[in-house]
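Read the structure below first, then the notes.
The values are calculated or read from the model by the stated rules, or taken from the named source; none is laboratory data. Source: prediction; values computed, not measured. Glycine also receives a Cβ, built like all others from the backbone with ideal geometry; neighbour counts cover every protein chain displayed. Keep in mind that these areas ignore ligands, DNA and RNA; they rest on the heavy atoms of the full protein, side chains included. Shrake-Rupley method; radii C 1.70, N 1.55, O 1.52, S 1.80 Å.
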Amino acid sequence: MRVFKRFMIVIACALLSCYSAYAWEWSGNITGETRLFMQSPLDSRQADGVLSLSFQGDIYHDWAEGEQRFVCSPFFRLDQHDRERTHLDFRELYWEKMAENWELRLGLKQVFWGVTESVHLVNVINQADVLEEIDGSAKLGQPMANLSWIQDWGVLDFYVMPYFREASFPGVKSRLRPPLPVVEEDAAFESRAEEWNTDLALRWSHSMGNWDVALSHFSGTSRSARYLPDLWGVDLSFLQGFDLTHWLRYIKPLNRLGLELIPYYDQIEQSGAELLWTHGDWVWKLEAIHTSGRRPRTYTAVVTGVEYTFYSVFETNIDTTLVAEYLYDSRGRKVQLAPFENDVFMGIRFSFNDVQSTSIQLGSIMDLDTGALFFGLEGSRRLGEDWKLSAECRLFNGFSDNEILWMLHRDDMVKVELSWYF
């Protein structure tokens, strides 16, 4: 990972030096963040609160009458306690060529697939940045060549990804982390080529009146790792059937013994479908995947739901959107990577449509089998021309010690961010 980051820094500096400063567009933000946890941690090495500072930049340059573009988006975070969360990354760093009916992109890029609110099953291209967000909403840039072929019958995207970016995990002092230390430098792969396995993807998308449809297929290294146990450096790779959920109740003695987790990345074939239908104030959504591989058994997962928006509530500028979704995973509830196997999501969004772009979102996911509940509240508001205040609250309740989300049951959190945009 250090070699990869150094290589990307050299490429960025070389490209930036090719043009004079006046030819570039610059923007970005600096954000101060505080996280406060409401309960004492499972591990005494973890803190009850943390401060951090981050920088996000966006640099781009267009030339050849807008037919070519270079994009660079560096990101840096400095964390009070966790050396692992103090890191430099490039969210995007790519060159783009645009023609009448095709587009070509080479470099480090973020790609978003999906239509639902609670979980994005089909969004398989980019690795999740768990140092930033545990829900997978923050992503790492993926090295790729992406060709988009644009026709009247839709857009066909081809992806060739020559390098896989492993996940980076928080250190032992961080909250919102796996219950046992993860030794990411010892990561294991099903592919003999390891992180240099060439991944391939294909996606067709099309808009037809009120319908948006997409079909996709991904072949390569899974972006979600399974975890293998490692004790005092002893190779326990023969325990590939190890499931962390069976051992959660013994976390404290296992921590004292020095048990660690090794990420293991499988090879998978994943086919996905996206469907969105807009009818008046209603929006109906569906995401579905069918995944197979040598180790993870073949399974199907689906998220489907509906949104309804009330515009100008009580003759004000406020728009209110109600959201309801159902989450299904055929693997069942006692699998490491399947936390939402028979769950329902309910949410509400308030858009104030004011000069300050004020918004509030509430959402909860409830397990229909156990009654366990995950609750989230988010809000944001601009302050003047250049500042933005954001707040978030996350609560975990009712998870038993044989569910993967139990590891977060004492990590109820309030997060506040103040950002300066330039």
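Checking the a/c ratio against 1.5 first, then a/b against b/c, what shape does the Cα gyration tensor give for segment 36-108? Prolate is the answer for segment 36-108, as a/c is 1.5 or above and a/b outweighs b/c. Put a dot 7 Å past the Cα of L377, heading toward its Cβ, do the same for L362, and the two dots end up 0.8 nm apart. The length gained on full extension between W204 and W95, counted as 0.36 nm times the residue separation minus their Cα-Cα distance, comes to 37.0 nm. The stretch between M346 and S44, if pulled fully straight at 0.36 nm per residue, gains 105.3 nm over its current Cα-Cα span. Looking only at segment 112-128, which residues have a backbone nitrogen under 17 Å from a spot 7 Å from the Cα of A273 in the C-beta direction? Taking a point 7 Å out along Cα→Cβ of A273, the residues of segment 112-128 whose backbone N falls under 17 Å are 114-116, 121-123. When peptides 221-231, 349-359 are sorted by average Cβ neighbour count within 10 Å, with the highest value leading, the order is 221-231, 349-359.
Taking 7 Å steps out from each Cα toward its Cβ at D58 and Y421 produces label points 0.8 nm apart.
FRET efficiency for the Y308 to E185 pair, using the beta carbon distance and R₀ = 41 Å, is estimated at 0.25.
So what is the accessible area of the chain per residue, in Å², with the probe set to 1.4 Å?
Details: 20930 Å² over 422 residues.
In whole numbers, the chain has 50 Å² accessible per residue.
Taking a sphere under 10 Å around the Cβ of A145 and counting the other residues whose Cβ falls inside, with K and R at +1 and D and E at -1, yields a net charge of +2. The listed peptides 275-285, 175-185, ordered by packing as a protection proxy, come out as 175-185, 275-285 (highest mean of other Cβ atoms within 10 Å first). For Q80 and L231, what does the FRET efficiency come to when R0 = 35 Å and r is the distance between their Cβ atoms, rounded to the nearest 0.05? Step by step, r from the Cβ atoms, then E = 0.65.
Computing FRET efficiency as 1/(1 + (r/R0)^6) for A145 and E315, where r is the C-beta to C-beta distance and R0 is 51 Å, gives about 0.45. Electrostatic tally near H279: other residues with Cβ closer than 14 Å to its Cβ, Lys and Arg +1, Asp and Glu -1, net -2.
Got a number for carbon plus sulfur as a percent of the chain's accessible area, 1.4 Å probe?
Values: 12370 of 20930 Å².
Roughly 59 percent of what the probe reaches on the chain is carbon or sulfur.
The length gained by stretching the chain between E65 and S400 to full extension, at 0.36 nm per residue less their Cα-Cα distance, is 114.7 nm. With label points built 7 Å along Cα→Cβ from the Cα atoms of I30 and S219, find their separation and express it in nm. Label at I30, label at S219, 4.9 nm between them. Taking a ≥ b ≥ c as the square roots of the Cα gyration tensor eigenvalues, with a/c under 1.5 meaning rounded and otherwise prolate when a/b beats b/c, else oblate, which class fits the chain? Here the chain falls in the rounded category. In terms of the Cα gyration tensor, with a ≥ b ≥ c the square roots of its eigenvalues, is segment 105-177 rounded because a/c is under 1.5, prolate because a/b exceeds b/c, or oblate? Here segment 105-177 falls in the oblate category.
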